[in-house]
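Take a look at the structure set out below.
The values are calculated or read from the model by the stated rules, or taken from the named source; none is laboratory data. Keep in mind it's a predicted model, so treat the numbers as computed, not measured. Positions of Cβ are backbone-derived with ideal geometry, glycine not excepted, and every protein chain shown enters the neighbour counts. These area figures cover heavy atoms from the full protein model, side chains too; ligands, DNA and RNA do not enter into them. Shrake-Rupley method; radii C 1.70, N 1.55, O 1.52, S 1.80 Å.
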Amino acid sequence: MEDRPSYAAVFYMFLRNSLVRDLSFRSNFWIECVSSLSWVIMNLGFYLLIFSYTNSIGPNTGWGKWEFFVFLATTLLVNSLVQMFFMPNIQEFSELIRTGKLDFALLKPIDTQFLVSFEKVNWPSTANFLFGLLLMGISLYQLTHRPEQPIVLTATMVVTFVIFLLCGVAILYSLMIVLAASSIWLGRNTSLYDFWFYITSFSRYPMEIYNAGTLGMSLQLIFTFAIPILIVVNVPARIMAQPFGVSETQMWALPIYMLVATGMSLWFSRWVFKASLRSYRSASS
(Lines give C-alpha, C1' and ligand atoms only; values in the text may rest on other atoms or scores of the structure.)
Protein backbone atom coordinates (compact mmCIF):
# COMPACT_ATOMS: atom_id res chain seq x y z
CA MET A 1 0.00 0.00 0.00
CA GLU A 2 1.46 3.37 -1.05
CA ASP A 3 2.23 5.69 1.83
CA ARG A 4 0.48 9.03 1.78
CA PRO A 5 2.47 12.10 2.86
CA SER A 6 1.76 13.80 6.15
CA TYR A 7 -0.15 16.98 5.35
CA ALA A 8 1.12 18.63 8.52
CA ALA A 9 4.72 17.86 7.56
CA VAL A 10 4.18 19.12 4.01
CA PHE A 11 2.55 22.30 5.29
CA TYR A 12 5.49 22.88 7.65
CA MET A 13 7.87 22.39 4.72
CA PHE A 14 5.92 25.00 2.72
CA LEU A 15 6.19 27.45 5.65
CA ARG A 16 9.92 26.85 6.06
CA ASN A 17 10.80 27.01 2.36
CA SER A 18 8.80 30.21 1.88
CA LEU A 19 10.48 31.84 4.87
CA VAL A 20 13.94 30.86 3.60
CA ARG A 21 13.07 32.21 0.14
CA ASP A 22 11.76 35.53 1.52
CA LEU A 23 14.70 36.03 3.87
CA SER A 24 17.16 35.33 1.05
CA PHE A 25 16.18 38.79 -0.19
CA ARG A 26 15.87 40.61 3.10
CA SER A 27 15.77 44.09 1.66
CA ASN A 28 12.81 43.15 -0.51
CA PHE A 29 11.17 41.45 2.49
CA TRP A 30 11.38 44.58 4.64
CA ILE A 31 10.31 46.84 1.78
CA GLU A 32 7.17 44.74 1.33
CA CYS A 33 6.46 44.91 5.06
CA VAL A 34 6.91 48.68 5.18
CA SER A 35 4.87 49.33 2.02
CA SER A 36 1.92 47.22 3.19
CA LEU A 37 2.03 48.80 6.65
CA SER A 38 2.14 52.27 5.09
CA TRP A 39 -1.09 51.57 3.24
CA VAL A 40 -2.74 50.28 6.42
CA ILE A 41 -1.62 53.29 8.46
CA MET A 42 -2.94 55.68 5.79
CA ASN A 43 -6.31 53.93 5.95
CA LEU A 44 -6.29 54.20 9.73
CA GLY A 45 -5.57 57.92 9.42
CA PHE A 46 -8.50 58.27 7.03
CA TYR A 47 -10.88 56.70 9.56
CA LEU A 48 -9.46 58.81 12.38
CA LEU A 49 -10.26 61.84 10.25
CA ILE A 50 -13.84 60.62 9.75
CA PHE A 51 -14.36 60.12 13.49
CA SER A 52 -13.14 63.64 14.16
CA TYR A 53 -16.49 64.72 12.63
CA THR A 54 -18.78 62.08 14.12
CA ASN A 55 -19.01 59.79 17.15
CA SER A 56 -20.54 56.77 15.42
CA ILE A 57 -21.42 55.30 12.05
CA GLY A 58 -25.08 56.20 11.91
CA PRO A 59 -27.50 56.68 14.81
CA ASN A 60 -28.25 53.68 17.07
CA THR A 61 -25.97 51.28 15.19
CA GLY A 62 -23.60 50.66 18.09
CA TRP A 63 -20.56 51.22 15.89
CA GLY A 64 -18.72 53.99 17.69
CA LYS A 65 -15.10 54.93 17.15
CA TRP A 66 -13.47 52.09 19.07
CA GLU A 67 -16.07 49.51 18.06
CA PHE A 68 -15.31 50.33 14.44
CA PHE A 69 -11.57 50.04 15.09
CA VAL A 70 -12.23 46.53 16.42
CA PHE A 71 -14.01 45.95 13.10
CA LEU A 72 -11.03 47.39 11.20
CA ALA A 73 -8.59 45.24 13.18
CA THR A 74 -10.68 42.15 12.38
CA THR A 75 -10.57 43.11 8.70
CA LEU A 76 -6.77 43.33 8.86
CA LEU A 77 -6.50 39.94 10.56
CA VAL A 78 -8.74 38.20 8.03
CA ASN A 79 -7.18 39.81 4.95
CA SER A 80 -3.60 39.29 6.14
CA LEU A 81 -4.22 35.56 6.66
CA VAL A 82 -5.79 35.29 3.20
CA GLN A 83 -2.93 37.21 1.60
CA MET A 84 -0.35 35.22 3.51
CA PHE A 85 -1.52 31.71 2.71
CA PHE A 86 -3.73 31.86 -0.39
CA MET A 87 -3.28 34.97 -2.53
CA PRO A 88 0.17 34.16 -4.01
CA ASN A 89 -0.92 30.62 -4.86
CA ILE A 90 -4.31 31.47 -6.33
CA GLN A 91 -2.83 34.22 -8.49
CA GLU A 92 -0.34 31.72 -9.91
CA PHE A 93 -2.94 29.03 -10.63
CA SER A 94 -3.85 30.40 -14.07
CA GLU A 95 -0.17 30.38 -14.99
CA LEU A 96 0.10 26.73 -13.99
CA ILE A 97 -2.69 25.99 -16.44
CA ARG A 98 -1.30 28.14 -19.25
CA THR A 99 2.23 26.76 -19.00
CA GLY A 100 1.18 23.15 -18.39
CA LYS A 101 2.87 23.01 -14.97
CA LEU A 102 -0.40 21.87 -13.43
CA ASP A 103 0.48 18.43 -14.86
CA PHE A 104 3.26 18.09 -12.29
CA ALA A 105 0.89 19.01 -9.44
CA LEU A 106 -1.61 16.38 -10.58
CA LEU A 107 1.08 13.69 -10.63
CA LYS A 108 2.20 14.26 -7.04
CA PRO A 109 0.85 11.89 -4.34
CA ILE A 110 -0.99 14.63 -2.48
CA ASP A 111 -4.31 16.38 -2.86
CA THR A 112 -4.03 18.85 -5.76
CA GLN A 113 -6.18 21.54 -4.13
CA PHE A 114 -4.04 21.42 -0.99
CA LEU A 115 -0.88 21.71 -3.06
CA VAL A 116 -1.96 24.66 -5.21
CA SER A 117 -3.46 26.44 -2.18
CA PHE A 118 -0.53 26.31 0.28
CA GLU A 119 2.67 25.84 -1.74
CA LYS A 120 3.82 29.43 -1.26
CA VAL A 121 3.46 31.53 1.89
CA ASN A 122 3.74 35.32 1.77
CA TRP A 123 5.57 36.03 5.03
CA PRO A 124 5.60 39.88 4.68
CA SER A 125 1.83 39.77 5.30
CA THR A 126 2.60 39.00 8.94
CA ALA A 127 3.34 42.74 9.34
CA ASN A 128 -0.33 43.55 8.72
CA PHE A 129 -1.40 40.69 10.98
CA LEU A 130 0.71 41.99 13.87
CA PHE A 131 -0.55 45.53 13.31
CA GLY A 132 -4.11 44.17 13.38
CA LEU A 133 -3.41 42.52 16.74
CA LEU A 134 -1.98 45.80 18.06
CA LEU A 135 -4.99 47.78 16.88
CA MET A 136 -7.32 45.16 18.36
CA GLY A 137 -5.56 45.36 21.73
CA ILE A 138 -5.70 49.17 21.86
CA SER A 139 -9.36 49.24 20.81
CA LEU A 140 -10.41 46.60 23.33
CA TYR A 141 -8.53 48.42 26.08
CA GLN A 142 -10.53 51.56 25.31
CA LEU A 143 -13.81 49.63 25.26
CA THR A 144 -13.14 47.77 28.51
CA HIS A 145 -12.02 50.90 30.40
CA ARG A 146 -14.63 53.42 29.24
CA PRO A 147 -16.83 54.87 31.99
CA GLU A 148 -20.19 54.00 30.34
CA GLN A 149 -21.18 50.45 29.33
CA PRO A 150 -17.68 48.96 29.43
CA ILE A 151 -17.20 45.61 27.68
CA VAL A 152 -16.24 42.65 29.85
CA LEU A 153 -13.94 40.30 27.95
CA THR A 154 -14.22 36.58 28.63
CA ALA A 155 -12.31 33.55 27.45
CA THR A 156 -15.44 32.37 25.62
CA MET A 157 -15.53 35.59 23.61
CA VAL A 158 -11.89 35.23 22.59
CA VAL A 159 -12.23 31.56 21.57
CA THR A 160 -15.45 32.26 19.68
CA PHE A 161 -13.81 35.21 17.95
CA VAL A 162 -10.94 33.02 16.75
CA ILE A 163 -13.34 30.37 15.46
CA PHE A 164 -15.41 32.83 13.45
CA LEU A 165 -12.29 34.63 12.27
CA LEU A 166 -11.15 31.34 10.72
CA CYS A 167 -14.64 30.87 9.28
CA GLY A 168 -14.28 34.24 7.57
CA VAL A 169 -10.92 33.19 6.13
CA ALA A 170 -12.49 29.94 4.90
CA ILE A 171 -15.31 31.81 3.13
CA LEU A 172 -12.87 34.13 1.36
CA TYR A 173 -10.68 31.18 0.41
CA SER A 174 -13.69 29.38 -1.04
CA LEU A 175 -14.48 32.37 -3.23
CA MET A 176 -10.86 32.57 -4.35
CA ILE A 177 -10.60 28.92 -5.30
CA VAL A 178 -13.84 29.12 -7.29
CA LEU A 179 -12.50 32.12 -9.21
CA ALA A 180 -9.17 30.36 -9.76
CA ALA A 181 -10.82 27.14 -10.96
CA SER A 182 -12.64 29.13 -13.62
CA SER A 183 -9.24 29.60 -15.28
CA ILE A 184 -9.45 26.02 -16.52
CA TRP A 185 -12.59 26.86 -18.50
CA LEU A 186 -11.60 30.41 -19.45
CA GLY A 187 -7.98 29.66 -20.33
CA ARG A 188 -6.47 32.62 -18.49
CA ASN A 189 -8.40 34.52 -15.85
CA THR A 190 -6.27 37.66 -15.62
CA SER A 191 -9.06 39.67 -13.99
CA LEU A 192 -9.08 37.48 -10.85
CA TYR A 193 -7.47 40.02 -8.55
CA ASP A 194 -9.63 42.89 -9.83
CA PHE A 195 -12.85 40.94 -9.33
CA TRP A 196 -11.64 39.80 -5.92
CA PHE A 197 -11.01 43.41 -4.89
CA TYR A 198 -14.43 44.58 -6.08
CA ILE A 199 -16.28 41.79 -4.24
CA THR A 200 -14.38 41.94 -0.95
CA SER A 201 -14.74 45.74 -0.75
CA PHE A 202 -18.31 45.13 0.46
CA SER A 203 -17.01 43.32 3.55
CA ARG A 204 -14.97 46.28 4.81
CA TYR A 205 -17.86 48.10 6.45
CA PRO A 206 -20.52 47.18 9.04
CA MET A 207 -23.75 45.72 7.70
CA GLU A 208 -25.75 48.62 9.12
CA ILE A 209 -24.61 51.00 6.37
CA TYR A 210 -26.70 48.94 3.92
CA ASN A 211 -29.93 49.36 5.90
CA ALA A 212 -31.02 52.49 4.01
CA GLY A 213 -33.20 52.25 0.91
CA THR A 214 -34.03 49.51 -1.55
CA LEU A 215 -30.55 49.49 -3.08
CA GLY A 216 -28.87 49.11 0.30
CA MET A 217 -31.15 46.29 1.41
CA SER A 218 -30.71 44.54 -1.95
CA LEU A 219 -26.93 44.67 -1.63
CA GLN A 220 -27.17 43.41 1.95
CA LEU A 221 -29.27 40.41 0.91
CA ILE A 222 -27.06 39.57 -2.08
CA PHE A 223 -23.78 39.77 -0.21
CA THR A 224 -25.13 37.99 2.86
CA PHE A 225 -26.95 35.05 1.29
CA ALA A 226 -25.95 34.73 -2.39
CA ILE A 227 -22.26 35.57 -1.84
CA PRO A 228 -21.71 35.59 1.95
CA ILE A 229 -19.12 38.36 2.00
CA LEU A 230 -20.74 40.70 4.54
CA ILE A 231 -20.60 38.17 7.37
CA VAL A 232 -16.85 37.53 6.96
CA VAL A 233 -15.82 40.44 9.20
CA ASN A 234 -19.14 41.48 10.72
CA VAL A 235 -19.73 38.36 12.80
CA PRO A 236 -16.32 38.05 14.54
CA ALA A 237 -16.13 41.84 15.01
CA ARG A 238 -19.56 41.88 16.69
CA ILE A 239 -18.43 39.16 19.09
CA MET A 240 -15.57 41.33 20.38
CA ALA A 241 -17.03 44.83 20.01
CA GLN A 242 -20.63 43.98 20.96
CA PRO A 243 -22.27 47.02 19.31
CA PHE A 244 -25.23 47.88 21.49
CA GLY A 245 -27.41 48.93 18.57
CA VAL A 246 -27.51 45.44 17.06
CA SER A 247 -30.74 43.51 17.49
CA GLU A 248 -30.78 40.40 19.67
CA THR A 249 -31.94 38.31 16.69
CA GLN A 250 -28.87 39.20 14.66
CA MET A 251 -26.59 38.53 17.61
CA TRP A 252 -27.42 34.81 17.60
CA ALA A 253 -28.79 34.24 14.08
CA LEU A 254 -25.79 35.58 12.16
CA PRO A 255 -23.19 33.33 13.89
CA ILE A 256 -25.33 30.25 13.24
CA TYR A 257 -25.79 31.27 9.63
CA MET A 258 -22.04 31.88 9.28
CA LEU A 259 -21.24 28.34 10.38
CA VAL A 260 -23.67 26.99 7.78
CA ALA A 261 -22.35 29.37 5.11
CA THR A 262 -18.76 28.33 5.84
CA GLY A 263 -19.56 24.65 5.42
CA MET A 264 -21.55 25.26 2.22
CA SER A 265 -18.84 27.53 0.79
CA LEU A 266 -16.09 24.98 1.39
CA TRP A 267 -18.21 22.18 -0.08
CA PHE A 268 -19.16 24.22 -3.16
CA SER A 269 -15.58 25.36 -3.80
CA ARG A 270 -14.36 21.77 -3.51
CA TRP A 271 -17.02 20.61 -5.97
CA VAL A 272 -16.14 23.37 -8.46
CA PHE A 273 -12.43 22.62 -8.18
CA LYS A 274 -12.92 18.91 -8.84
CA ALA A 275 -15.29 19.64 -11.73
CA SER A 276 -12.74 21.99 -13.28
CA LEU A 277 -9.98 19.37 -13.02
CA ARG A 278 -12.17 16.92 -14.94
CA SER A 279 -12.28 19.47 -17.76
CA TYR A 280 -8.52 20.05 -17.69
CA ARG A 281 -6.51 18.99 -20.71
CA SER A 282 -2.86 18.44 -19.90
CA ALA A 283 -0.06 20.04 -21.87
CA SER A 284 0.84 16.64 -23.39
CA SER A 285 -2.67 15.92 -24.67
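Considering only residues that are open to solvent by 90 Å² or more (accessible area, probe 1.4 Å) and either among the aromatic types (Phe, Trp, Tyr) or in a helix (DSSP H, G or I) (or both), which ones fall in the range 42-59?
First, the residues of the range 42-59 that are open to solvent by 90 Å² or more (accessible area, probe 1.4 Å): 42, 46, 49, 53, 55, 59.
Answer for the range 42-59, where residues must be open to solvent by 90 Å² or more (accessible area, probe 1.4 Å) and either among the aromatic types (Phe, Trp, Tyr) or in a helix (DSSP H, G or I) (or both): Met42, Phe46, Leu49, Tyr53.
If I filter the range 91-113 for residues that are of a type in the set (S, T, N, Q), open to solvent by 30 Å² or more (accessible area, probe 1.4 Å) and over 20 Å from Leu15 (Cβ atoms), do I get at least one hit? Don't jump to the end; show me each part of the working.
Of the range 91-113, the ones of a type in the set (S, T, N, Q) are 91, 94, 99, 112-113.
Filter once more, so that each one left must be open to solvent by 30 Å² or more (accessible area, probe 1.4 Å): 91, 99.
Keeping just the survivors that are over 20 Å from Leu15 (Cβ atoms) gives 99.
Yes, there is a match, as at least one residue in the range 91-113 is of a type in the set (S, T, N, Q), open to solvent by 30 Å² or more (accessible area, probe 1.4 Å) and over 20 Å from Leu15 (Cβ atoms).
Of the conditions (1) open to solvent by 50 Å² or more (accessible area, probe 1.4 Å); (2) assigned to a helix (DSSP H, G or I); (3) farther than 24 Å from Val178 by Cβ, Glu148 fails just one. Which one is it?
Looking at each condition in turn, Glu148 falls short on (2).
Could you identify the single residue in Ser80, Ser35, Ser27 that is under 30 Å from Phe161 (Cα atoms), polar (S, T, N, Q) and without any contact (Cβ under 8 Å) to a residue 12 or more places away in the chain?
Numbers: Ser80 fails: without any contact (Cβ under 8 Å) to a residue 12 or more places away in the chain; Ser27 fails: under 30 Å from Phe161 (Cα atoms).
After ruling out the rest, the residue left standing is Ser35.
Test Thr224 against the stated conditions and say whether it is at pLDDT 80 or above and closer than 21 Å to Ile90 by Cβ. Write out each step before concluding.
Numbers: at pLDDT 80 or above: yes; closer than 21 Å to Ile90 by Cβ: no.
No; evaluated as a whole, the condition is false for this residue.
Considering (1) within 21 Å of the chain's Cα centre (by Cα); (2) within 19 Å of Leu76 (Cβ to Cβ), say which one Phe118 fails and leave the rest.
Here Phe118 meets the rest and fails (2).
Which one is surrounded by the most Cβ atoms within 10 Å (Cβ to Cβ) among residues in the range 60-73 that are closer than 19 Å to Ser201 by Cβ and aliphatic (A, V, I, L, M)?
Ala73
If you scan the range 1-41, which residues turn out to be among the hydroxyl-bearing types (Ser, Thr, Tyr) and either in a loop (DSSP other than H, G, I, E, B) or within 13 Å of Trp123 (Cα to Cα) (or both)? First the steps, then the outcome.
Residues of the range 1-41 among the hydroxyl-bearing types (Ser, Thr, Tyr): 6-7, 12, 18, 24, 27, 35-36, 38.
Those that are among the hydroxyl-bearing types (Ser, Thr, Tyr) and either in a loop (DSSP other than H, G, I, E, B) or within 13 Å of Trp123 (Cα to Cα) (or both): Ser6, Ser18, Ser24, Ser36.
Please determine whether any residue of the range 61-81 is modelled with pLDDT under 85, of a type outside the set (Val, Ile, Thr), over 21 Å from the mean Cα position of the chain (by Cα) and within 23 Å of Glu208 (Cβ to Cβ). Even if it seems obvious, please write down each step before you answer.
Of the range 61-81, the ones modelled with pLDDT under 85 are 61-62.
If we keep only those that are of a type outside the set (Val, Ile, Thr) too, we end up with 62.
Filter once more, keeping what is over 21 Å from the mean Cα position of the chain (by Cα): 62.
Still in the list and also within 23 Å of Glu208 (Cβ to Cβ): 62.
Yes: the range 61-81 contains one or more residues that are modelled with pLDDT under 85, of a type outside the set (Val, Ile, Thr), over 21 Å from the mean Cα position of the chain (by Cα) and within 23 Å of Glu208 (Cβ to Cβ).
Can you work out which of the residues in the range 161-201 that are among the hydrophobic types (A, V, I, L, M, F, W, C), over 16 Å from Ser94 (Cβ atoms) and at pLDDT below 80 is least open to solvent (accessible area, probe 1.4 Å)?
Ile199
Taking the condition of a type outside the set (Lys, Arg), within 26 Å of Leu259 (Cα to Cα), open to solvent by 20 Å² or more (accessible area, probe 1.4 Å) and not in a loop (DSSP other than H, G, I, E, B), does Met157 pass? Before the answer, list the steps.
Details: of a type outside the set (Lys, Arg): yes; within 26 Å of Leu259 (Cα to Cα): yes; open to solvent by 20 Å² or more (accessible area, probe 1.4 Å): yes; not in a loop (DSSP other than H, G, I, E, B): yes.
Yes.
Do we find that Ala73 is in contact with a Ser or Thr (Cβ under 7 Å, 6 or more places away or on another chain), part of a helix (DSSP H, G or I), aliphatic (A, V, I, L, M) and touching a residue at least 12 places away in the same chain (Cβ under 8 Å) in this structure?
On the way: in contact with a Ser or Thr (Cβ under 7 Å, 6 or more places away or on another chain): yes; part of a helix (DSSP H, G or I): yes; aliphatic (A, V, I, L, M): yes; touching a residue at least 12 places away in the same chain (Cβ under 8 Å): yes.
Judged against the criteria, Ala73 is a match.
If you take the residues in the range 114-145 that are open to solvent by less than 70 Å² (accessible area, probe 1.4 Å) and among the aliphatic types (A, V, I, L, M), which one is nearest to Gln91 (Cα to Cα)?
Val116
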